[in-house]
Amino acid sequence: MAKLKEVFPCVWEYEGKILTKNRVPGKKVYGEQLIKIDGVEYRVWNPYRSKLAAAIKNGLKTWAFHPGVNVLYLGIAEGTTASHISDILGDDSAIIGVDVAPRVMPKIIAVAEERGNILPILADASKPDEYPEEVRQFIDEVGGVDIVYQDVAAPNQAEILWKNVNRFLKKGGYAYIAIKSRSVDVTRDPREIFDEFRRFFESKGLRVVEEVNIEPYEKDHEMMVLKKG
Ligand SMILES: C[S@@+](CC[C@H](N)C(=O)[O-])C[C@H]1O[C@@H](n2cnc3c(N)ncnc32)[C@H](O)[C@@H]1O
């Protein structure tokens, strides 16, 4: 019989699939498969739909998503990846999810209402000083977020991450950035672009702790993990 193996706290592997325990039993977020094992319902985390799941499949080692941490999520969209992070982190965490697109708001607001640990905000992540006052205040009160997770696929991705990390990430915290080289320049070798990101972040005093290529799940993408302080 196949065994359930915990690969990170609250993240399991079962028959080659990655699973998180469903925080809202019976409910799917993006058409994912639900599996019941020993009376507990899990959601299958699809690496073709989520770059964080793709990074796990490809051997990601640095894991900071521990129950209780606070996350600033840039480019939350309709909550596909954020819903799994919500399963993992539980009640004592907040996932502050920023997205600039009004069209994603009805879905992410509905997902957030069901889950209770996601706070969606309609804002441009390149202008962190314009996030709602109460959000900035909350982050300041808790001494900064533990993780900044970014998946915005924009040409100025590196600057966007840095502005948020500089303003909101606590010292010792981690940033995860899904880099899409084609958003920067379709004609250049992706490796050159990833190296440019690395040099940019190092010039800001961040430490690049891990880089995971996420092909074949996403073409010309990598997940870079950075540490502040
Ligand atoms: C690839 S999708 C994100 C998918 C999502 N992270 C997931 O895994 O479920 C990129 C998202 O980034 C958002 N985005 C792009 N530029 C942005 C910006 N400057 N500020 C906030 N969100 C942005 C887009 O609206 C889009 O929803």
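For a quick check, take a GNM of the chain with Cα springs below 10 Å and name the residue from ALA158, ALA110, ALA82 with the largest mean-square fluctuation.
ALA110
Count charges around TYR73 for me, please; just the other residues with Cβ under 10 Å from its Cβ, Lys/Arg as +1, Asp/Glu as -1.
It works out to a net charge of -2.
Can you list the residues of region 16-49 with backbone N under 11 Å from a point 7 Å past the Cα of VAL7, pointing along Cα to Cβ?
16-20, 45-47
Averaged per residue, what accessible surface does region 163-229 expose to a 1.4 Å probe, in Å²?
For region 163-229, the per-residue accessible area is 48 Å².
Please work out how much length the chain gains when fully extended from PHE200 to LYS127, using 0.36 nm per residue of separation minus the C-alpha to C-alpha distance, in nm with one decimal.
Between PHE200 and LYS127, full extension yields an extra 24.4 nm.
For the chain, modelled as a Gaussian network with Cα springs under 10 Å, which listed residue fluctuates most, LEU34, LEU74, LEU161?
LEU34
So if I place +1 on the C-beta of Lys and Arg and -1 on the C-beta of Asp and Glu, and nothing else carries charge, what would the dipole magnitude of the chain be about its Cα centre? I want it in debye, nearest 20.
For this selection, approximately 380 debye.
Using modelled amide H (1.01 Å from N, peptide plane; none on Pro or chain starts), what sits under 5 Å from the amide H of ILE118, excluding residues fewer than 5 places away?
Correct list: ILE95.
Counting only DSSP beta bridges with both residues in the chain, tell me the antiparallel percent, nearest 5.
About 60 percent, rounded to the nearest 5.
log₁₀ I(q)/I(0) of region 94-229 at q = 0.15, 0.17 Å⁻¹, via Debye over equal Cα point scatterers, no solvent, to two decimals?
Listed by q, the Debye log ratios stand at -0.78, -0.98.
May I ask you to give the percent of accessible area on the chain that is carbon plus sulfur, with a probe radius of 1.4 Å?
48
With N set to the number of residues, divide the alpha-carbon radius of gyration of the chain by 2.2 N^0.38 Å and report two decimals.
0.98
Could you work out the helix-only [θ] at 222 nm for the chain, with each DSSP H run of four or more residues adding -39,500 (n - 2.57) and the total divided by the number of residues, to the nearest 500 deg cm²/dmol?
The helix-only estimate for the chain comes to -8500 deg cm²/dmol at 222 nm.
Hey, which lysines would be in cross-link range of LYS127, C-alpha to C-alpha under 28 Å, not counting anything within fewer than 8 residues on its own chain?
By straight Cα distance, LYS127 reaches LYS51, LYS107, LYS163, LYS170, LYS171, LYS180, LYS204, LYS227, LYS228.
Any lysines with Cα under 23 Å of the LYS3 Cα? List them, leaving off those in the same chain fewer than 8 positions away.
Those lysines meeting the cut-off are LYS17, LYS21, LYS36, LYS57, LYS61.
Tell me the label-point distance for the pair GLU113, ASN58, using the 7 Å Cα-to-Cβ offset, in nm and rounded to one decimal.
In this crude spin-label approximation the distance works out to 3.7 nm.
Of GLN137, PRO106, THR20, whose Cα points farthest to the positive end of the dipole of the chain (charges on the beta-carbon: +1 Lys, Arg; -1 Asp, Glu; origin at the Cα centre)?
Of GLN137, PRO106, THR20, it is THR20.
The values are calculated or read from the model by the stated rules, or taken from the named source; none is laboratory data. These figures come from a predicted structure and were not determined experimentally. Glycine also receives a Cβ, built like all others from the backbone with ideal geometry; neighbour counts cover every protein chain displayed. Heads up: the accessible areas ignore ligands, DNA and RNA and are worked out on the full protein's heavy atoms, side chains in. Shrake-Rupley method; radii C 1.70, N 1.55, O 1.52, S 1.80 Å.
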